[in-house]
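Asker: Quick one: this structure, given as structure tokens, is what I'll be asking you about.
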Amino acid sequence: MSLKAFDPVLPQSHVDPRPTSKMGGFLLFCLVFLFVGRAHEALGGPIRFNLLFTAATLLFCVKDFLSNPLMYFKESTVLRRITYFTLWAIAMIPFSRWPGGSVETAIGFLKVYTFVLLTAVLLTRYRLTAVGVFAHVVSLLVVLFFSAITESASVRVYTITKSYDPNEMALIAVMILPILFFAIKNAKFIWKAAFTGGVAVCVVAIALSGSRGGMLGLFMVGAYVLFVSSISMLKKVLIVIMSVLVFIVAVPQENLTRLVNTLDIENDYNVSGKQGRLVVWAADLEKIIKNPIAGVGLGQSTTLTEEEMDEGVWMEAHNSYIEMALETGIPGFCFLFSVMLVSWRRLRELRRTLDKKDPRLPLVHGLEAGLWGYFVCITFLSVAFYALSLFFFVMIEAVYRDIKGQHLRPVAEEEPTQMEPEPEQKKKKRRYKLKQGSSYDPRT
């Protein structure tokens, strides 16, 4: 893939004072590939690659970070608010339903927070935004590609590591599909083909996942594409019709039946079943009302559901918004939801201020469409605390800072050098010495 498609182009009148770093770019790519793509789970073996590259990145960043640690929190709103959320969630552990279980969950989340901190430092200290977006897209595209070709199309496909379930696999596809789609516009022929192939992989992955939330997310992405497109209404209608027909042909019969049954609300087990998703949501909302400040503790929503639902079908809230409020209380929800809100407002600002011919606009469109799809999909998923989600917001902030020029400084214009005026006394002496050797003597 071409990094240029993911690089916010700098205005010619400005320069970026931040240095480039090949080692920093390599470490950033590996961290994203391991934590977001979860490649370490597929690699297996005795070597913990995620811990190995985390330690290497810590050694690489420690000098710059310790020289001015507050600078990174000051410049990164996303990092600052995720830090507030982390501190709040840890502080509420003593008030959780099962403190021991919350401690175990908190240790796992601290690994994710360390990943977020290191990537935020790298993206702030060095010119690595394009590498960050590239790593995000490639790592998730690899997961989708190998999952789609290694699993049977007659069943709901899991990712190759089994760490992402079919619904999460659909979310991944919804997040990166629009980035690849809008990158096609300014790409050269070979990259147009590569990006088009990536879009096809994402569509097939959503079809094979059988995820109804993924379908709604895909519809949201399609609606956004039509919204920002300048083509005529007739062409938009034709595109919608053709897309629906292609999707019906591509989706396996079993998954298509599952999607169609969603329209039969009365017989949907999520609505009518005693252990359906809506029943779990209602029960979780009651728990939020009872524990509005501290919540029930990190990772405890699953424990409570298992106790009260007696091995219910849905062991998790399967709703990230409910999950945030249930496990960390209303304050924790506000911290993390504000990160989502800031990301959306910044992308909306860029879309409205950039010129339609600006080469940076396709990247903004891709990220904003992916964010809208993300908002829809997480209504049916519990992924709020994943590295996948948190790095997405860190990446959006890095793109925003680069495009808005927060790291830039104007190019210094060369001004003609002017000699300092000599004092009057020196001028007279200089004039006398020059004329003393000539035939003209001012004293005569």
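Asker: Restricting attention to region 226-249, does a residue exist that is within 23 Å of TYR164 (Cβ to Cβ) and at pLDDT below 80?
Answerer: Quick first cut of region 226-249, residues within 23 Å of TYR164 (Cβ to Cβ) only: 247.
Within this subset, residues satisfying the condition of being at pLDDT below 80 are 247.
Checked against the condition, which is being within 23 Å of TYR164 (Cβ to Cβ) and at pLDDT below 80, region 226-249 yields at least one hit.
Asker: For region 51-70, name all the residues that are aliphatic (A, V, I, L, M) and either touching a residue at least 24 places away in the same chain (Cβ under 8 Å) or in contact with a Ser or Thr (Cβ under 6 Å, 6 or more places away or on another chain) (or both). Lay out the reasoning, then the answer.
Answerer: Residues of region 51-70 aliphatic (A, V, I, L, M): 51-52, 55-56, 58-59, 62, 66, 70.
Listed by number, the residues that qualify are ALA56, LEU58.
Asker: Now for a separate question. Of all helices (runs of 4 or more DSSP H) completely enclosed by region 48-131, which ones contain at least 3 residues that are of a type in the set (Val, Ile, Thr) and out of contact with any Leu (no Cβ under 6 Å at 6 or more places or on another chain)?
Answerer: Per the criteria, 77-91, 99-125.
Asker: Check region 429-440 and report whether any residue there is crowded, with 22+ Cβ neighbours inside 10 Å, outside any helix (DSSP H, G or I) and at pLDDT below 95.
Answerer: Looking through region 429-440, none of the residues is crowded, with 22+ Cβ neighbours inside 10 Å, outside any helix (DSSP H, G or I) and at pLDDT below 95.
Asker: Return yes or no: is LEU43 more than 19 Å from SER389 (Cα to Cα) and either at pLDDT 90 or above or surrounded by fewer than 20 Cβ atoms within 10 Å (Cβ to Cβ) (or both)?
Answerer: On the way: more than 19 Å from SER389 (Cα to Cα): yes; either at pLDDT 90 or above or surrounded by fewer than 20 Cβ atoms within 10 Å (Cβ to Cβ) (or both): yes.
Yes; evaluated as a whole, the condition is true for this residue.
Asker: Hey, another quick one. Just to be sure I understand the filter: pairs with C-beta atoms under 9 Å, separated by 6 or more residues or on different chains, first member in region 221-234 and over 11 Å from ALA369 (Cα atoms), second member not in a helix (DSSP H, G or I). Which pairs pass?
Answerer: These pairs meet every condition: SER230/LYS356.
Asker: Are any residues in region 129-145 under 15 Å from the mean Cα position of the chain (by Cα) and either farther than 11 Å from VAL32 by Cβ or free of Cβ contacts under 8 Å to residues at least 24 places away in the same chain (or both), and if so, which ones? Break it down stepwise before answering.
Answerer: Of region 129-145, the ones under 15 Å from the mean Cα position of the chain (by Cα) are 129-141.
Matches in region 129-145: THR129, ALA130, LEU141.
Asker: Continuing with the same structure: Taking the condition of being outside any helix (DSSP H, G or I) and not β-branched (Val, Ile, Thr), how many residues in region 181-240 meet it? If you could, list the steps in order and put the result at the bottom.
Answerer: Keep residues of region 181-240 that are outside any helix (DSSP H, G or I), which gives 184-188, 210-211, 229-232.
Now narrow it down to the ones that are not β-branched (Val, Ile, Thr): 185-188, 210-211, 229-230, 232.
Residues flagged as outside any helix (DSSP H, G or I) and not β-branched (Val, Ile, Thr) within region 181-240 amount to 9.
The values are calculated or read from the model by the stated rules, or taken from the named source; none is laboratory data. Since this is a predicted model, take the numbers as computed values, not measurements. Don't worry about glycine lacking a Cβ; one is built from the backbone with ideal geometry, like all the others, and counts go over all protein chains shown.
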